[in-house]
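This report refers to the structure that appears directly beneath it.
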Amino acid sequence: KYITFWQDNGRFNNIRMSLEIIFVIAAATERTIVLPPTQNLHLEQGPSINDFDSFFSFNNDEFQKRVPVITMKEFIEREGRSSGLLKLEEKDYTRLSKLASVCENRRKSMFVWPCTL
């Protein structure tokens, strides 16, 4: 019973509103929110603020009673083994564990990667 989502490409207020909607859906369906990997906020100026913990108190006991929240890394660790939901092979588990922490915003990267369909 998990719910995952991906960070909106909009500005902070769009991201905040979509996350608040996810809170309501998770509470109503009694699911655990799986936060996406940390990534830079799109179009924001100044210092990079790149994780939801900077704005919401997910670790607050009162919040966790209503809506449990875990990171993508915790989800992979919990459900990625052969006994979990994902049942990943060891090489895939290792690869996903590394990727689950940070997602680089390629538009702001100095490298340009071609899109393939």
Which pairs do you get when a residue that is of a type in the set (A, V, I, L, M), found in region 1-18, comes within reach of a residue that is modelled with pLDDT of 80 or more and in a loop (DSSP other than H, G, I, E, B), reach meaning Cβ atoms under 7 angstrom, with the pair 6+ apart or on two chains?
Ile3/Arg31
Log entry, pairs with first residue in region 82-96 being within 14 Å of Met72 (Cβ to Cβ) and of a type outside the set (Asp, Glu), second being at pLDDT 85 or above and in a loop (DSSP other than H, G, I, E, B), beta carbons closer than 7 Å, six or more apart or on different chains, reads Leu86/Gly80; Leu88/Gly80; Tyr93/Gly80; Leu96/Gly80; Leu96/Leu88
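The values are calculated or read from the model by the stated rules, or taken from the named source; none is laboratory data. Since we're looking at a predicted model, the values are computed, not measured. Heads up, the Cβs are rebuilt from the backbone with ideal geometry, glycines too, and the neighbour counts pull from every protein chain shown.
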